[in-house]
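Here it is, the structure in full.
The values are calculated or read from the model by the stated rules, or taken from the named source; none is laboratory data. It should be emphasised that the depicted structure is a prediction, and the values quoted were computed from it without experimental measurement. Quick reminder, even Gly has a Cβ in these numbers, built from the backbone with ideal geometry, and neighbours come from all protein chains shown. Heavy atoms of the whole protein, side chains included, go into the accessibility calculation; ligands, DNA and RNA do not. Shrake-Rupley method; radii C 1.70, N 1.55, O 1.52, S 1.80 Å.
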Amino acid sequence: MGLNILKENYPVLFEETPSEIKQAYNTPYNLSSIQLEEYSENGFIKLNKVLEGNALKYVRKIIGEAVKARTEPDKRKLEEKSQFEQSFLQCGYLAWDFPAVKDFVFGKRFAGIAKDLMKVNGVRLWHDQALYKEPGGRITDCHQDESYWPIDSELTTTMWMALVDVPQEKGCMRFIPGSHKWGIKEYVDIFEQPHVPESVKEENRITVPLEAGDVTFHSGLTFHEAFPNKTREMREAMTVIYFEDGATFTSEDNRSKDHKSCWGLKRGDIIDTQYTPKII
Ligand SMILES: O=C(O)CCC(=O)C(=O)O
């Protein structure tokens, strides 16, 4: 869809973000030492009310519009989609197409949490992606994110924000606590041929239902999965992925080499591209 048509059909995505909302995106969220310890131990954490009120309503609106703009041309029914696509509608790099989403993704409130949890001096954006699980959508297969990313650092983290209440029956996330301490264990091909990872078969999992505005952060090494959406409503979630400033690019052969975040990089380069700005 051309830019003018997008601007005409989705005006809110191109309007100036109200200052009250920008402030909500940039007000620090303070973590206690117990929360920092919990993340270090478990490799994930749930944080309540990271957004509330008008800011939450606004974000739900703009992400919903952005997902609609991206997915509207696809008229396939759920059952006509691939197994991977039945796990969620995946809409990445929304910040770069839609200025309203960019203000959210660049929010220092969220990047500040990532910085504190990873205990680093600075964080960069890896990428954003909305993950909407359609009514009837299947499980998200268990995996470790870092097995897909050519980042030479164990310090990556994903913020997963619920834009609506996400109980188990709507497809909330489930984590294997402590699995971030195992290193990269197992590649699961969630795109074509998912399997239950050997390493997690016997492990305890923790189910994390969220209310709208709550988030989880999980390390790129933590095994996680999500339940199917057994409701008749969309599971609306937005994610932002961060990595430690100074991390290098591991490989041109990696599965994610075509991601915009990797454009122009050679093995060993510091990851510092137009798509991976330092946020805080
Ligand atoms: O939203 C989901 O269903 C899965 C999310 C996920 O795997 C992730 O954010 O790393």
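Please find, within the stretch 251-280, the residue that is nearest to the ligand (Cβ to nearest atom) out of those that are of a type in the set (S, T, Y) and modelled with pLDDT of 90 or more. So that I can check it myself, show each step before the final result.
Within the stretch 251-280, the first condition is being of a type in the set (S, T, Y), and the residues that meet it are 251, 256, 261, 273, 275-276.
Restricting the remaining residues to those that are modelled with pLDDT of 90 or more gives 261, 273, 275-276.
On the way: S261: 15, T273: 21, Y275: 18, T276: 17 Å.
It comes out as S261.
Of the residues T239, T207, T273, T216, only one is assigned to a strand (DSSP E or B) and free of Cβ contacts under 8 Å to residues at least 60 places away in the same chain; which? Write out each step before concluding.
Details: T239 fails: free of Cβ contacts under 8 Å to residues at least 60 places away in the same chain; T273 fails: assigned to a strand (DSSP E or B); T216 fails: free of Cβ contacts under 8 Å to residues at least 60 places away in the same chain.
Residue meeting the stated conditions: T207.
So, one more: Residue under question is K22, and the condition is that it be open to solvent by 80 Å² or more (accessible area, probe 1.4 Å), modelled with pLDDT of 95 or more and charged (D, E, K, R); does it hold? Give the derivation first.
On the way: open to solvent by 80 Å² or more (accessible area, probe 1.4 Å): no; modelled with pLDDT of 95 or more: yes; charged (D, E, K, R): yes.
No.
Here are some conditions: (1) surrounded by fewer than 17 Cβ atoms within 10 Å (Cβ to Cβ); (2) out of contact with any helix residue (DSSP H, G or I) (no Cβ under 9 Å at 6 or more places or on another chain). L265 meets all but one. Which one does it not meet?
Tallying (1) surrounded by fewer than 17 Cβ atoms within 10 Å (Cβ to Cβ); (2) out of contact with any helix residue (DSSP H, G or I) (no Cβ under 9 Å at 6 or more places or on another chain), L265 fails exactly one: (1).
Let me ask something additional. Which of the residues belonging to the stretch 201-223 are modelled with pLDDT of 95 or more and of a type in the set (D, E)?
Within the stretch 201-223, E211, D214 qualify.
For the list (1) part of a helix (DSSP H, G or I); (2) free of Cβ contacts under 8 Å to residues at least 60 places away in the same chain, I need the number of the one condition that I184 fails.
All conditions pass for I184, except number (1).
Tell me, which residue of the stretch 207-227 that is among the hydrophobic types (A, V, I, L, M, F, W, C) and surrounded by fewer than 23 Cβ atoms within 10 Å (Cβ to Cβ) is nearest to the ligand (Cβ to nearest atom)?
If we filter the stretch 207-227 for residues that are among the hydrophobic types (A, V, I, L, M, F, W, C), which is where we start, we get 208, 210, 212, 215, 217, 221, 223, 226-227.
Okay, now just the ones that are also surrounded by fewer than 23 Cβ atoms within 10 Å (Cβ to Cβ), so 208, 212, 221, 227.
On the way: V208: 12, A212: 15, L221: 11, F227: 8 Å.
Among those residues, the one meeting the criterion is F227.
Within the bounds of the stretch 42-63, is there any residue that is polar (S, T, N, Q) and open to solvent by less than 30 Å² (accessible area, probe 1.4 Å)? Lay out the reasoning, then the answer.
Just the residues of the stretch 42-63 that are polar (S, T, N, Q), to begin with: 42, 48, 54.
So of that shortlist, the ones also open to solvent by less than 30 Å² (accessible area, probe 1.4 Å) come out as none.
Looking through the stretch 42-63, none of the residues is polar (S, T, N, Q) and open to solvent by less than 30 Å² (accessible area, probe 1.4 Å).
A69 - would you say it is more than 30 Å from T207 (Cβ to Cβ) and open to solvent by less than 20 Å² (accessible area, probe 1.4 Å)? Reasoning before the result, please.
Values: more than 30 Å from T207 (Cβ to Cβ): yes; open to solvent by less than 20 Å² (accessible area, probe 1.4 Å): yes.
Here the answer is yes, as A69 does meet what is asked.
Among the candidates K201, K230, single out the residue that is surrounded by fewer than 16 Cβ atoms within 10 Å (Cβ to Cβ), of a type in the set (D, E, K, R) and touching a Gly at 6+ places or on another chain (Cβ under 9 Å).
Numbers: K201 fails: touching a Gly at 6+ places or on another chain (Cβ under 9 Å).
Only one candidate passes the filter, namely K230.
For L125, are the conditions met, namely being at pLDDT 95 or above and either surrounded by fewer than 20 Cβ atoms within 10 Å (Cβ to Cβ) or within 22 Å of E225 (Cα to Cα) (or both)?
Values: at pLDDT 95 or above: yes; either surrounded by fewer than 20 Cβ atoms within 10 Å (Cβ to Cβ) or within 22 Å of E225 (Cα to Cα) (or both): no.
Against the criterion (at pLDDT 95 or above and either surrounded by fewer than 20 Cβ atoms within 10 Å (Cβ to Cβ) or within 22 Å of E225 (Cα to Cα) (or both)), L125 does not qualify.
Tell me yes or no: at least one residue of the stretch 231-244 is closer than 18 Å to M118 by Cα, more than 16 Å from the ligand (Cβ to nearest atom) and at pLDDT 95 or above. Outline the logic, then answer.
Going residue by residue through the stretch 231-244, those that are closer than 18 Å to M118 by Cα are 239-244.
Then drop every residue that is not more than 16 Å from the ligand (Cβ to nearest atom), which leaves 244.
Of the ones still in play, those that are also at pLDDT 95 or above are 244.
The answer is yes, given that some residue of the stretch 231-244 is closer than 18 Å to M118 by Cα, more than 16 Å from the ligand (Cβ to nearest atom) and at pLDDT 95 or above.
Can I ask one more? For residues that are in a strand (DSSP E or B) and touching a Cys at 6+ places or on another chain (Cβ under 8 Å), scanning just the stretch 219-234, find the one that is farthest from I270 (Cα to Cα).
We begin by selecting, within the stretch 219-234, every residue in a strand (DSSP E or B); these are 219, 224-226.
Subset that is touching a Cys at 6+ places or on another chain (Cβ under 8 Å): 224-226.
Details: H224: 28, E225: 30, A226: 32 Å.
Among residues in the stretch 219-234 that are in a strand (DSSP E or B) and touching a Cys at 6+ places or on another chain (Cβ under 8 Å), the one farthest from I270 (Cα to Cα) is A226.
Against the conditions (1) under 16 Å from the mean Cα position of the chain (by Cα); (2) buried (at least 21 other Cβ atoms within 10 Å of the Cβ); (3) over 26 Å from E79 (Cβ atoms), where does G112 fall short? Just the number, please.
G112 satisfies all of (1) under 16 Å from the mean Cα position of the chain (by Cα); (2) buried (at least 21 other Cβ atoms within 10 Å of the Cβ); (3) over 26 Å from E79 (Cβ atoms) except (2).
So for the stretch 186-202 (the condition being among the polar types (S, T, N, Q) and within 13 Å of the ligand (Cβ to nearest atom)), does at least one residue qualify? Walk me through it before giving the result.
At the first step, the residues of the stretch 186-202 found to be among the polar types (S, T, N, Q) are 193, 199.
With the extra rule that they be within 13 Å of the ligand (Cβ to nearest atom), the set shrinks to none.
No - not one qualifying residue is present in the stretch 186-202.
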